[in-house]
Amino acid sequence: MIFFLSCFTTLALISLVLVCKPEILKKYRVLFLILTGLFLFSAFRYQMGGDWKTYLDGINSIRTTGYNHFKHEPLFYALNLISIKFSNYYLVLNLLSSICFFVPLLMAFKQSEVIKGLNVESFIYFIFFMFPLGFIILHIGFVRQGIASAFALLALVYFYDKKYFFMILALIVGQGFHVSTVMSISLLLLLGISNIKRVKVRNLLILSLLILGIVGAFLLFTIRKDYLGGYKSDGLFPRLGYISLFWTLLCYIKYHFNYKKIALYSLMFIFLILGVGILSHLTNTTTVVDRFAYYLIFPISFEFAKTLPTIKNKKISLTAIGVHFAYSFVFLTVWFLFSSKAKDWMVVRFWFF
């Protein structure tokens, strides 16, 4: 717990310095150190994360009996097939999974430098905002969806750049790692329309119903294939509250002082969450709400990273960083101390030592 909270506090301090005195940081070196540290931790962690045992059982089953636990995710199955050719097969799987997570994130920001003028500063902001749920819980806990979320973000960047072929390709690759990637199509619509200056309430309502239709179709698939049917997520409502505040905070810094627009987008988001929640409750599959909410983390963090450097009023940027840090710090502390699942994150271990 102390390790993760210390890392998050360090990222917060770096973000504050970027707002107040960016000239004192050697940004490329700072970003390189952050990315290297996160990658090494991700690749060489040992017996950490909620799905560690699940993936260990899965690769052992493929190795000994040939049974495929990941029939819905052919690309993740391919990583397993490559990994079992080595003696330290699970270490190799962990390493390959980490590469598949970080590469699309790097590609997304490299592409964004061209189309949006994003820079190193933006990438550091992105890591800070996505770190609590996007790295600690999603990537370390749910490896397949973490990879899928990274490719969904890459698809969003191609969507902004109107490179629809590459957008579809990124979504297909993400689908190969986690079948729920199809739900991220709805987020392309959500984040895309949030960048339009004039939006009518009618169009937002139609968009919301379209997104609910996409999620509903995925729910029908999970029931028919018996993939996630009956699964329930612990701590669902605190996470939904976290994501809702995250979205409202984004609306505040993007449309500060335009309270009508802030209220409009916030109400739309609440409507979506309630709609998805009702669909999941009716099908007894509450984990799908979690899947939907987790896909929001990277795109919203990306929007923060894109918006913060453009804000001239430093107080707004400092407020956004401070609110995110305070709420996330409390959220993580409570989760570490009281969640039964958090025990898989409590002891920091690495391969070989």
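Derivation of every value follows stated rules applied to the coordinates shown; laboratory data play no part. Predicted model only: the values in this text are computed from it and were never measured. Cβ sites come from the backbone with ideal geometry, for glycine too, and all protein chains shown count toward neighbours.
For PHE350, what residues show an amide H to amide H distance below 5 Å, using hydrogens built from the backbone and excluding near sequence neighbours?
Under 5 Å from the amide H of PHE350 lie the amide H atoms of TYR46, each far enough along the sequence or on another chain.
Starting from 0.36 nm per residue, how many nanometres of slack lie between LEU245 and SER339 once their C-alpha separation is accounted for?
That pair, LEU245 and SER339, stretches by 31.8 nm at full extension.
Using 0.36 nm per residue, how much length does the chain from THR64 to CYS20 gain when fully extended, once their Cα-Cα distance is taken away?
Result for the pair: 10.2 nm of gain on full extension.
If I model a spin label as a point 7 Å beyond the Cα along the Cα-Cβ vector, how far apart are those points for ARG29 and ALA78 in nm?
4.0 nm
Roughly how far apart, in whole Å, are the Cα centres of the stretch 122-151 and the stretch 20-78?
That distance is 10 Å.
Given H placed 1.01 Å from N in the peptide plane, which residues other than close sequence neighbours of HIS72 have an amide H under 5 Å from its amide H?
Amide H to amide H, under 5 Å and 5 or more residues apart or across chains, HIS72 pairs with nothing.
Sort 322-334, 144-156 for me by packing, meaning the mean count of neighbouring Cβ atoms within 10 Å per residue, highest on top.
144-156, 322-334
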